1. Run the numbers for Lys182 and Asp77: contour at 0.36 nm per residue of separation, minus the present Cα-Cα distance, in nm.
2. Ordered by residue, what ³J(HN,Hα) values in Hz, to whole numbers, does segment 255-265 give under the Karplus form 6.51 cos²θ - 1.76 cosθ + 1.60, where θ = phi - 60° and Gly and Pro are x?
3. Quick check: from the Cα gyration tensor, does segment 373-491 come out rounded (a/c under 1.5), prolate or oblate?
4. What ranking of Ser121, Ser478 emerges when the number of other C-beta atoms within 10 Å of each C-beta is taken as an exposure proxy, fewest first?
5. Full extension from Arg341 to Trp201: what is 0.36 nm times the residue separation minus their Cα-Cα distance, to one decimal in nm?
6. Mind putting a number on the dipole of segment 373-491 about its Cα centre? Charges go on the C-beta only, +1 for Lys and Arg and -1 for Asp and Glu, and I need it in Debye to the nearest 20.
7. Scan around Asp64 for amide H atoms under 5 Å from its own, H built in the peptide plane at 1.01 Å from N, and keep only partners 5 or more places away or cross-chain.
8. Whose amide H sits under 5 Å from the amide H of Trp296, counting only residues 5 or more places off or on another chain, with H placed in the peptide plane?
Amino acid sequence: MTLPRPIVAGPQFILATRDTGYRSVPAAIAELIDNAVQAHANRVRILVREEQPLDLTGVPSSRDLTIGVLDNGRGMDHESLWTAVQFGGTERFNDRSGIGRFGMGLPNSSVSVTRRLEVYSWQRPGEVLFTYLDIDEVSRLLDGIPEPRNRPLPLWAAEAAAPSGTLVVWPRCDRLHFKKAKTIAEKLHAPLGRLYRRLIWRGLGLTVNGEPVVPIDPLFCHPETCVGGATAYGAPLTFEIALPENGRSSQITVRFTELPVIRWHGRTVEEKRAAGIVGGAGVSFMRAGREIDHCWQLFGGKRRENYDDWWRCEVSFEPDLDEYFGVTHSKQGVSPTPYLRSILEPDLEAAARTLNARVRTAFENVKKVAPSPATSRATRQDPLLPPIPSRAKATARRGLSYGIGVAAIAAPDFFKVTEQKGRLKITINTEHPFYERLYAPAGADPSGHERHAIECLILAAGRAFLTISRSRGHKWASAYCESWSDALAAFLETKRARS
């Protein structure tokens with residue numbers, strides 16, 4: 001009788017599994033942190049080590065990078081450890097009470113980064129069990145997970161080990177984007193700080209090479225974050241979703257916040273990007289207190305715009321709604337079902353459009369009072385120019401500040417210049433054709449380059465007017481501006497003429 005073929009071809013399956021789509025090393029490590037939290041750990045240490053062993057001739061060979069995740073959870077016994085290293089091996093399959101669920105996280109995330117996975121676990125001091133999964137051995141001769149056996153912890157982890165816990169080691173990492181342990185460690189802080197922000201606030205001690213992971217709040221409103229300042233928009237929205245399998249329901253909570261446009265608009269693009277303002281639009285999806293996705297979803301027909309960086313949304317739910325949110329076994333994304341979208345999108349789209357409009361209005365108000373890029377640049381560059389004589393002609397003023405505005409002026413000049421206490425203000429005459437033909441249309445340029453160039457031109461003219469007025473006399477400068485304004489009006493093909 002012919003024996004049935006196995007459902008899975010082991011070596012080929014494991015090699016193919018390496019490409020199942022973990023987005024990054026932090027995303028893969030997050031699976032190990034999830035397991036630690038599920039095992040009731042309140043301290044998780046991530047250790048990124050770099051060794052440079054000597055070859056047979058005594059010459060340093062290429063660097064070996066090792067990543068370890070050490071927790072103080074309950075640890076595993078012989079059978080639990082043996083099962084945990086299997087693909088799909090878990091004692092909590094389809095359990096909806098915590099972060100884990102499918103039993104794929106430990107081996108699946110590990111082989112996406114390393115060719116060898118080693119697991120140490122203990123429930124009492126000194127009684128450490130060990131097993132491993134080695135891709136190269138599977139390809140050659142191994143057709144199963146080695147039975148756990150006693151083995152002491154590596155010296156570099158033993159000193160920090162708790163009375164019970166688990167240590168996962170990735171000793172042959174061949175899929176890292178960086179070659180130095182220091183760089184890899186640095187790159188872990190921000191994504192893990194965002195993914196586990198709630199758990200850290202609740203007391204989870206998470207470190208990378210001894211440095212605490214600082215929680216990052218994309219909503220900018222938690223009192224324990226270093227970058228706060230956002231305000232809640234309305235009360236949280238709650239939705240009760242029926243669970244057909246047991247007749248109960250589960251709750252979804254949605255929060256919105258508004259970022260302070262007036263306080264933060266003046267930051268440079270680099271500062272906004274470093275703070276997480278630029279590119280932050282979308283929904284932060286929180287499953288069981290851990291972020292599993294950040295994307296632009298559930299806003300219906302509302303398209304994403306730059307203004308949407310200035311408000312935030314967070315959707316929180318529990319694992320019993322995984323099917324509705326389309327959560328995959330790697331917990332890296334959501335794909336809400338049409339049924340769920342029909343419930344959430346009307347309210348979320350309405351809020352998104354309202355918040356977008358509020359941000360637009362805030363920026364319009366800022367433009368009315370804030371210095372333009374041209375005035376800021378002129379203020380920075382003014383000390384490089386010859387100083388303007390003061391009214392007393394005894395001293396010269398160096399380093400003017402600049403302002404620009406618009407208003408209807410009774411005189412036919414196309415701009416007016418005033419100076420007080422070192423601030424030069426130029427007011428553009430809205431009654432002159434220059435305003436209608438050139439200045440106002442330039443404001444429609446999305447890049448702002450046209451308006452910037454025109455304002456630099458006017459600011460330079462205003463400074464020249466003030467210089468001439470102080471050195472040659474106000475009448476001479478006024479006559480020059482008068483002549484220039486008339487010629488400009490004529491060249492812009494208007495019927496205006498000075499009487």
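1. Fully extending the segment from Lys182 to Asp77 adds 34.4 nm.
2. Calculated HN-Hα couplings, in order: 10, 10, 9, 10, 7, x, 4, 4, 7, 10, 5 Hz.
3. Since a/c reaches 1.5 but b/c is at least a/b, the shape of segment 373-491 is classed as oblate.
4. If I rank by nearby Cβ atoms, fewest first, I get Ser478, Ser121.
5. Here the answer is 47.4 nm.
6. Once rounded to the nearest 20, the dipole reads 820 debye.
7. The answer is Glu51, Gln52.
8. Those qualifying (amide H under 5 Å, at least 5 residues apart or on another chain) are Val283.
Values in this text are rule-based calculations from the coordinates and carry no lab data. What you see is a predicted model; the values in this text were computed from it and never measured. Glycine gets a Cβ as well: all are built from the backbone with ideal geometry, and neighbour counts include every protein chain shown.
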